[in-house]
Amino acid sequence: MSVDTLFERIEAAAQAVRARVGELPQTAVVLGSGLGDFADALPGGIVIPYSDLPHWPVSSVVGHAGKLVVATLHGRRIAVLAGRAHVYEGHDLDRVVFGARVMARLGVRELILTNAAGGINTGFASGALMVIDDHINLMGSNPLVGPNDERLGPRFPDMTEVYSTRLRKLAHNVATNSGIALARGVYAGLHGPSYETPAEIRFLRTVGADAVGMSTVPEAIAARHMGVEVLGISCITNMAAGVLPQPLVHAEVLETAQRVKGAFIGLLEGIIERL
Ligand code: HPA
């Protein structure tokens, strides 16, 4: 029995999506913890449960749905990934970035990665939205480890501009025009699932991180590998460990995401309208 290569697995899932959605997506959006409501606000979307797609990993985390929604918004065909797989669930990085790769294979030009993150920059407050300027990969590995398939991208892809200058400018313009406060900063991606210690947060601040989370970095690397333009938006759902005199709980992450979802959805819609 032959074992499918990564390329064949990506192509099989892409083919399953093609068979269901009619017009293909031009842009894809990955929704982070507690931010899934955007997918439900899309009228006339075609909903595909991840479990219907071959090789697609399903997330078990509370606050993450597991579905792909393809819809037309402001004349643009978009694919929304409501729910993602994380390294801390035990998925290997190949699986964590699978959805991003399938989107690239379908031909999306832009990938918008959203996440919930802890605020390290003391100028932030819980509920802030932050455009990711750059990231620091502290996950201990890289999704491109292993044999490289040149059909996906080069062996040593450039990471000088993971987060597109064009898309970051566009996000800030949309925010200004809509009266949405939008910060900017560096996102540190850690493995999790335990939250960081206060000492780790002081370390991360020293090395230049403004926010910390457990996702986004692998998907951004895989998308750049395949030549897709990336935008990252963090919802600062809590101040990171030790910044405030209180412990961290996942419920706060979900509550804050719920509180800011109006601004978050407004920002996303505005960006998609102006792409
Ligand atoms: N740390 C890591 N990941 C997170 C946090 C945090 O404080 N908040 C939301 N995701």
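The values are calculated or read from the model by the stated rules, or taken from the named source; none is laboratory data. This one's a predicted model, so the numbers in the text were calculated from it and none came from an experiment. Using ideal geometry, Cβ is built from the backbone for each residue, glycine included, and neighbour counts are taken over all protein chains shown. These area figures cover heavy atoms from the full protein model, side chains too; ligands, DNA and RNA do not enter into them. Shrake-Rupley method; radii C 1.70, N 1.55, O 1.52, S 1.80 Å.
Would you confirm whether any residue within region 227-246 is in a loop (DSSP other than H, G, I, E, B), surrounded by 21 or more Cβ atoms within 10 Å (Cβ to Cβ) and more than 16 Å from the ligand (Cβ to nearest atom)?
yes
Mind telling me which of the residues GLU89, GLU11 ends up being over 18 Å from the mean Cα position of the chain (by Cα), of a type outside the set (Gly, Ala, Ser) and under 24 Å from VAL145 (Cα atoms)?
Of the residues listed, the single one that is over 18 Å from the mean Cα position of the chain (by Cα), of a type outside the set (Gly, Ala, Ser) and under 24 Å from VAL145 (Cα atoms) is GLU11.
Yes or no, residue by residue, for (1) on the phi > 0 side of the Ramachandran plot; (2) basic (Lys, Arg); (3) touching a Phe, Trp or Tyr at 6+ places or on another chain (Cβ under 6 Å):
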site	(1), (2), (3)
TYR50	no, no, yes
VAL58	no, no, yes
LEU93	no, no, no
ARG105	no, yes, no
GLY127	yes, no, no
MET139	no, no, no
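Determine which single condition GLY208 fails, assuming it passes every other condition in (1) away from the ligand (no atom under 11 Å from the Cβ); (2) in contact with a Lys or Arg (Cβ under 8 Å, 6 or more places away or on another chain); (3) on the phi > 0 side of the Ramachandran plot.
Of everything listed in (1) away from the ligand (no atom under 11 Å from the Cβ); (2) in contact with a Lys or Arg (Cβ under 8 Å, 6 or more places away or on another chain); (3) on the phi > 0 side of the Ramachandran plot, GLY208 misses just condition (2).
Return yes when THR122 is within 16 Å of the ligand (Cβ to nearest atom), buried (at least 19 other Cβ atoms within 10 Å of the Cβ) and at pLDDT 95 or above and no when it is not.
Taking the combined requirement at face value, the residue does not satisfy it.
Report whether or not LEU144 is open to solvent by less than 50 Å² (accessible area, probe 1.4 Å) and farther than 16 Å from THR27 by Cα.
Taking the combined requirement at face value, the residue satisfies it.
When you scan region 74-99, how many residues do you find that are touching a residue at least 40 places away in the same chain (Cβ under 8 Å) and open to solvent by less than 20 Å² (accessible area, probe 1.4 Å)?
Within region 74-99, residues that are touching a residue at least 40 places away in the same chain (Cβ under 8 Å) and open to solvent by less than 20 Å² (accessible area, probe 1.4 Å) number 12.
Which residues, taken from region 163-201, are within 27 Å of GLY270 (Cα to Cα), in contact with a strand residue (DSSP E or B) (Cβ under 6 Å, 6 or more places away or on another chain) and open to solvent by less than 70 Å² (accessible area, probe 1.4 Å)?
Listed by number, the residues that qualify are TYR163, SER164, LEU167, ARG168, ALA171, LEU182, ALA183, GLY185, VAL186, TYR187, ALA188, GLY189.
List the residue pairs whose Cβ atoms are under 7 Å apart, where the first residue sits in region 143-159 and is of a type in the set (Lys, Arg), the second is not in a loop (DSSP other than H, G, I, E, B), and the two are 6 or more positions apart or on different chains.
The qualifying pairs are ARG151/PHE7.
If you check GLY99, GLY83, which single one turns out to be touching a Leu at 6+ places or on another chain (Cβ under 9 Å), within 24 Å of LEU231 (Cβ to Cβ) and within 16 Å of the ligand (Cβ to nearest atom)?
The unique qualifying residue is GLY83.
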